[in-house]
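These notes are about the structure you will find just below.
The values are calculated or read from the model by the stated rules, or taken from the named source; none is laboratory data. These figures come from a predicted structure and were not determined experimentally. Backbone-built Cβ (ideal geometry, glycine too); neighbour counts: all protein chains shown.
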């Protein structure tokens, strides 16, 4: 990194398209004005000009360098503004920050992914990456849960994945409707249905804190070693640089040493699930 | 900032000559020094008329040194003017040592904070040995001496009518060369160096005696980890989350990034003692309850950052005790738990 680079200055990115994924979730496709690339699982700080900045892990493929996508749930101040933005407007991007998924550790393994709600966003980026290197993997199983069928995001991508060799997708919803034909219940119920060779497998978990907590406990119960469970942690990452202190989780700056940690690394730190 | 490791270099000049040299240095530098008012002592901008009011060898000024490098509020994306060269005179070693952790964080080679770096590079630090101590000074307990041997560029002491300047860095060496343009500078006589050392060791002993029974920095971490929830509930019951302890702390350096139009970013110092510090979108807040917030600062200083960084995150300056409107005394907490 250049010593004189201003680490706080965002680069501009043109909003090309906004896709409505669910009543509360939208995907924003952007084209950065300067060269920008990331590794899957790393995150960016997205600036809504004059309003605020918030951390998002891109949902697009890390192999795509012209455009970048983030999938955002409307939950707070910045995301509310973001949801009102239209194609043609300009956003700011800083990053990429942190430590993403250690893909090379997945080689020759089965990858079990547990995701919930908007946690599918970083997972989709990971899946794009895994599809590209599928010859190096044994199998990839995605267990995805959401509240209602309406809130199951990325339907076209799920259809595509289901047709991809070595990839399997199991889904569940808490509140099914008449047309729902897949599982019912919280995301962890899917873990009872998967057939996985744990010794040759690693697990990835990304979603709301409550799902991460019980998902991790379930994975441990299934026999996954603590250092084979990769968690994408959510804290109040603000500067992204290990300086502002807002994302401290015990001894870690989640923004710099995370956001992806093994359970082993963080199990003794405080408040990991909140 | 390279330390000079060879033998001690003491230079000496008469107090009136020092003052007149400062007056001439004002043409090239913005100079700050501690000046006493009726009820406090704090850094003021030095100008021709107040040079003689600058105090030497006194304990800490009210404001911690960090604010010279991390101002309360600062635009990080728009350069308003180039940073002028500065000299800060009279900083005690507790504050000088406090810069170590700030350097580790802000000059971290992965992400160098240029705003901080420029200020560090453009500042000559003239630390002064403490020849007095205050009620809550406890630097020695954490292994910090009341006089500087590193980080600062010069360590200054006033003995009677003479000023003695010990060079601690290359920048300090250059300062002496510059000083020689304005005043007659000689080597300090051995006897006066001894005199300074005597004063220093007297203060060291005084600080140790004033703080007998206070656990050192090796023990504080274990004490914090072992403390039961009742302790945090008890001590935080008087806390009103005003954040004074963190604001006035020479090592607390967390901040908030504020967005302004045209993608400008403004840094404002922040603290985990304020509401919503760890709140995420959706409302989850790990520090939502006051005892948790209170406890967080102790864990940060005595457990987590020591696991992560080499530098001390409490320098024993005692400002947090003096500033607390709830009269919460962290040393009372440590004493209670040490027994």
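Residues that are within 13 Å of chain B (Cβ to nearest Cβ), surrounded by fewer than 20 Cβ atoms within 10 Å (Cβ to Cβ) and under 23 Å from residue A:40 (Cα atoms) within the range A:53-77 comprise just one, A:74.
Residues that are under 16 Å from residue A:191 (Cα atoms) and more than 10 Å from chain B (Cβ to nearest Cβ): which helices (runs of 4 or more DSSP H) entirely in the range A:203-274 hold 2 or more of them? First the steps, then the outcome.
Numbers: elements: A:209-222, A:254-257, A:263-266.
Once the helices (runs of 4 or more DSSP H) in the range A:203-274 are filtered for at least 2 residues that are under 16 Å from residue A:191 (Cα atoms) and more than 10 Å from chain B (Cβ to nearest Cβ), what remains is A:209-222.
Restricting the range B:65-88 to residues that are more than 21 Å from residue B:266 (Cβ to Cβ) and within 16 Å of the chain's Cα centre (by Cα), which is surrounded by the most Cβ atoms within 10 Å (Cβ to Cβ)? Of everything passing the filter in the range B:65-88, B:65 is surrounded by the most Cβ atoms within 10 Å (Cβ to Cβ).
The one condition from (1) away from chain B (no Cβ under 14 Å); (2) out of contact with any helix residue (DSSP H, G or I) (no Cβ under 8 Å at 6 or more places or on another chain); (3) buried (at least 21 other Cβ atoms within 10 Å of the Cβ) that residue A:42 does not meet is (1). Apart from one condition, residue A:124 fits all of (1) at pLDDT 95 or above; (2) within 27 Å of residue A:51 (Cβ to Cβ); (3) surrounded by fewer than 22 Cβ atoms within 10 Å (Cβ to Cβ); (4) out of contact with any strand residue (DSSP E or B) (no Cβ under 7 Å at 6 or more places or on another chain); the exception is (3). In the range B:80-93, is there at least one residue being more than 22 Å from residue B:258 (Cα to Cα), part of a helix (DSSP H, G or I) and away from chain A (no Cβ under 14 Å)? Within the range B:80-93, one or more residues are more than 22 Å from residue B:258 (Cα to Cα), part of a helix (DSSP H, G or I) and away from chain A (no Cβ under 14 Å). Within the range B:241-251, does at least one residue satisfy the condition of being more than 21 Å from the chain's Cα centre (by Cα), more than 14 Å from every other protein chain (Cβ to nearest Cβ) and farther than 19 Å from residue B:332 by Cβ? Yes, the conditions are met somewhere in the range B:241-251.
Out of curiosity, is residue A:142 at pLDDT 95 or above and not in a helix (DSSP H, G or I)? In short, yes.
Look at residue B:207 and say whether it is farther than 30 Å from residue A:270 by Cβ and in contact with a strand residue (DSSP E or B) (Cβ under 8 Å, 6 or more places away or on another chain). The answer is no for residue B:207.
Being crowded, with 18+ Cβ neighbours inside 10 Å and part of a helix (DSSP H, G or I), is that true of even one residue in the range B:160-167? No, that holds for no residue.
Are any residues in the range B:94-114 within 14 Å of chain A (Cβ to nearest Cβ), crowded, with 21+ Cβ neighbours inside 10 Å and either in contact with a strand residue (DSSP E or B) (Cβ under 9 Å, 6 or more places away or on another chain) or without any contact (Cβ under 8 Å) to a residue 24 or more places away in the chain (or both), and if so, which ones? Please lay out each step first, then the result.
Quick first cut of the range B:94-114, residues within 14 Å of chain A (Cβ to nearest Cβ) only: B:101-114.
Filter again for crowded, with 21+ Cβ neighbours inside 10 Å, leaving B:101-102, B:105-106, B:113.
Listed by number, the list holds a single entry, B:113.
Taking residues in the range B:254-266 that are outside the structural domain of residue B:278 (by TED's automatic domain parsing), and partners anywhere that are crowded, with 18+ Cβ neighbours inside 10 Å, not one pair has Cβ atoms closer than 7 Å while being at least 6 places apart or on different chains. Taking the criterion of being facing chain B (nearest Cβ under 9 Å) and free of Cβ contacts under 8 Å to residues at least 12 places away in the same chain, the residues of the range A:3-39 that qualify are A:3, A:4, A:5, A:6.
Scan the range B:126-135 and give yes if some residue there is under 27 Å from residue B:208 (Cβ atoms), within 14 Å of the chain's Cα centre (by Cα) and either within 12 Å of chain A (Cβ to nearest Cβ) or part of a loop (DSSP other than H, G, I, E, B) (or both), otherwise no.
Filtering the range B:126-135 down to residues under 27 Å from residue B:208 (Cβ atoms) leaves B:126-135.
Keeping just the survivors that are within 14 Å of the chain's Cα centre (by Cα) gives B:126-130.
Narrowing further to those that are either within 12 Å of chain A (Cβ to nearest Cβ) or part of a loop (DSSP other than H, G, I, E, B) (or both): B:129-130.
Among the residues of the range B:126-135, at least one is under 27 Å from residue B:208 (Cβ atoms), within 14 Å of the chain's Cα centre (by Cα) and either within 12 Å of chain A (Cβ to nearest Cβ) or part of a loop (DSSP other than H, G, I, E, B) (or both), which makes the answer yes.
Determine, yes or no, whether residue A:90 is in contact with a strand residue (DSSP E or B) (Cβ under 7 Å, 6 or more places away or on another chain), crowded, with 21+ Cβ neighbours inside 10 Å and within 14 Å of another protein chain (Cβ to nearest Cβ). Steps first, please.
Values: in contact with a strand residue (DSSP E or B) (Cβ under 7 Å, 6 or more places away or on another chain): yes; crowded, with 21+ Cβ neighbours inside 10 Å: no; within 14 Å of another protein chain (Cβ to nearest Cβ): yes.
No.
Name the residue that is farthest from the other protein chains (Cβ to nearest Cβ), counting only residues in the range B:281-298 that are surrounded by 18 or more Cβ atoms within 10 Å (Cβ to Cβ) and in contact with a strand residue (DSSP E or B) (Cβ under 9 Å, 6 or more places away or on another chain). Ranking the qualifying residues of the range B:281-298, first place goes to B:296.
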